[in-house]
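K.L.:
Structure incoming, see below.
All of the numbers you see were taken from the coordinates with simple rules; none came from a lab. This one's a predicted model, so the numbers in the text were calculated from it and none came from an experiment. In this analysis, Cβ positions are derived from the backbone assuming ideal geometry, glycine residues included, and neighbour counts consider all displayed protein chains.
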Amino acid sequence: MNDMEHILARWQERQKHLATISAHNRRTIFAALAALGIETVEVDFDGCGDSGQIESIVAFGATDQLSGEVTIISAETGGEDERRTVPLTEAMDDLCYTLLEATHDGWEINDGAFGTFTFDVASRQIELEFNGRYTAYDTDVHTFGDDEEV
């Protein structure tokens, strides 16, 4: 196996591992949301210029309070995974960043991106609306001779 094949194999292995951890954390978060009587949660993010962040987390349902703590798993680079008990909102932040990395790595670079994660508690699904920004330009070329009027 050459160096590039080795690097690709390690990357694929890490992606598979992150997917397993993400699935565990999703189940944990959805269980906590259901216990609170929350029906949906919207998580907005925005980033550009090599910086990005979660802008807001808003819950809808019997209560709109995201309270309590959950135990999630964090994948540590080069080390063992870590189980951490964190506030529910921090767990949701962590999960959203993981999902962005998995689907749109580099989302915060240059023009960046913005969007919304919608957690549907009844279906146990998360929808990501992703809006990637880009710079575009139009080019026109004009040639003017001595004998032309403008």
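K.L.:
Shape of the chain from its Cα gyration tensor (a ≥ b ≥ c, root eigenvalues): rounded if a/c is under 1.5, otherwise prolate when a/b > b/c, or oblate?
P.N.:
On the way: a/c = 3.46, a/b = 1.63, b/c = 2.13.
Oblate, since a/c reaches 1.5 and b/c is not below a/b.
K.L.:
With +1 on each Lys and Arg Cβ and -1 on each Asp and Glu Cβ, how big is the dipole of the chain about its Cα centre, in debye rounded to the nearest 20? Each step should come with its number before you reach the end.
P.N.:
Working: 9 positive and 31 negative charges, 303 e Å.
Around 1460 debye, computed over the chain.
K.L.:
Right, next: For the modelled label position 7 Å from the Cα of ARG27 along Cα-to-Cβ, which residues of the stretch 87-103 have backbone nitrogen atoms closer than 18 Å?
P.N.:
92, 95
K.L.:
Which residue fluctuates most in the GNM of the chain (Cα springs below 10 Å): SER123, SER67, SER56?
P.N.:
Among SER123, SER67, SER56, the largest mean-square fluctuation in the Gaussian network model of the chain belongs to SER123.
K.L.:
Right, here's the next one. Once you put a point 7 Å from the Cα of GLU101 and another 7 Å from the Cα of GLU42, both along the Cβ direction, what distance in nm separates them?
P.N.:
Those two pseudo-labels are separated by 2.7 nm.
K.L.:
So which GluC sites (Glu not before Pro) in the stretch 57-150 are both in a DSSP loop and have at most 11 other Cβ atoms within 10 Å of their Cβ?
P.N.:
Answer in residue order: GLU76, GLU80, GLU148, GLU149.
K.L.:
Sticking with this one: What do you get for the angle between helix 3-36 and the principal long axis of the chain? Use alpha-carbon atoms, 0 to 90 degrees, nearest ten.
P.N.:
60 degrees
K.L.:
How many nm separate the modelled label positions at ARG133 and ALA35, each set 7 Å beyond the Cα in the direction of the Cβ?
P.N.:
Calculated label separation equals 3.9 nm.
K.L.:
Among the chymotrypsin sites (Phe, Trp or Tyr not before Pro) within the stretch 79-140, which fall in a DSSP loop and have no more than 11 other Cβ atoms within 10 Å of their own Cβ?
P.N.:
TYR134, TYR137
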